[in-house]
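Below is one structure, written out as structure tokens, with a few remarks after it.
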Amino acid sequence: MFADDFTFLATGTNIGEMELKLNTLANDILNWTHVNSMALNIKKTKSILITSPQKRANLNENSLSVLVEGQVMEEVSEARVLGVIFDNNLTWGPHVEMLIKKLNSKG
């Protein structure tokens, strides 16, 4: 059985701090899935770094390295959580575009 729809977040002042927190959380979730006879589908497991364009320009590193069972999670620029599309700059543009397409198709 697969464990679906986990969402977890970490905040930090730099990429290294966030990676440490996210890798710890990922390991905790992986342990929980094993204890409960479940598995994570690493191909469906994604990470996203959400920050302002100004802060992103000042980062030493521009991406996250989150490991699950020795594999790096794919980093994406958009993620859907409970039907809401978040982009890595938190602009809402992709979500609004999806809503417009959905409303136009109902016409």
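The values are calculated or read from the model by the stated rules, or taken from the named source; none is laboratory data. Only a predicted model underlies this, so the values are computations on that prediction, with no experimental measurement involved. Cβ coordinates were reconstructed from backbone atoms using ideal geometry, including for glycine residues, and neighbour counts include every protein chain displayed.
Some observations on this one:
- Selected residue [in contact with a Ser or Thr (Cβ under 8 Å, 6 or more places away or on another chain), closer than 24 Å to LEU82 by Cβ and of a type in the set (A, V, I, L, M, F, W, C)] from LEU9, LEU59, LEU25, LEU40: LEU40
- So THR45, is it within 18 Å of ASN88 (Cβ to Cβ) and exposed (fewer than 12 other Cβ atoms within 10 Å of the Cβ): no
- Single residue of the range 55-76 satisfying the filter (at pLDDT 90 or above and among the acidic types (Asp, Glu)) that is surrounded by the most Cβ atoms within 10 Å (Cβ to Cβ): GLU75
- Taken as a whole, the structure places SER47 among residues that are of a type in the set (Gly, Ala, Ser) and in contact with a helix residue (DSSP H, G or I) (Cβ under 9 Å, 6 or more places away or on another chain).
- Restricting ILE42, ILE29, ILE50 to residues that are among the β-branched types (Val, Ile, Thr) and touching an Asp or Glu at 6+ places or on another chain (Cβ under 7 Å) narrows the list to ILE42.
- GLY93 falls short on exactly one of the conditions (1) loosely packed, with under 10 Cβ neighbours inside 10 Å; (2) of a type in the set (Gly, Ala, Ser); (3) at pLDDT 90 or above, and that condition is (1).
- Residue selection: ALA79 fails the criterion of being over 29 Å from ASN31 (Cβ atoms) and either modelled with pLDDT under 90 or surrounded by 12 or more Cβ atoms within 10 Å (Cβ to Cβ) (or both).
- Pick from the range 1-15, criterion of a type in the set (Gly, Ala, Ser) and surrounded by 13 or more Cβ atoms within 10 Å (Cβ to Cβ), ranking: nearest to the chain's Cα centre (by Cα): ALA10
- All positions within the range 67-107 that are in a helix (DSSP H, G or I) and either touching a residue at least 40 places away in the same chain (Cβ under 8 Å) or of a type outside the set (A, V, I, L, M) (or both): GLY93, PRO94, HIS95, GLU97, LYS101, LYS102, ASN104, SER105, LYS106
- In this structure, ASN31 does not qualify as in contact with a strand residue (DSSP E or B) (Cβ under 9 Å, 6 or more places away or on another chain), surrounded by fewer than 14 Cβ atoms within 10 Å (Cβ to Cβ) and over 19 Å from ASP87 (Cα atoms).
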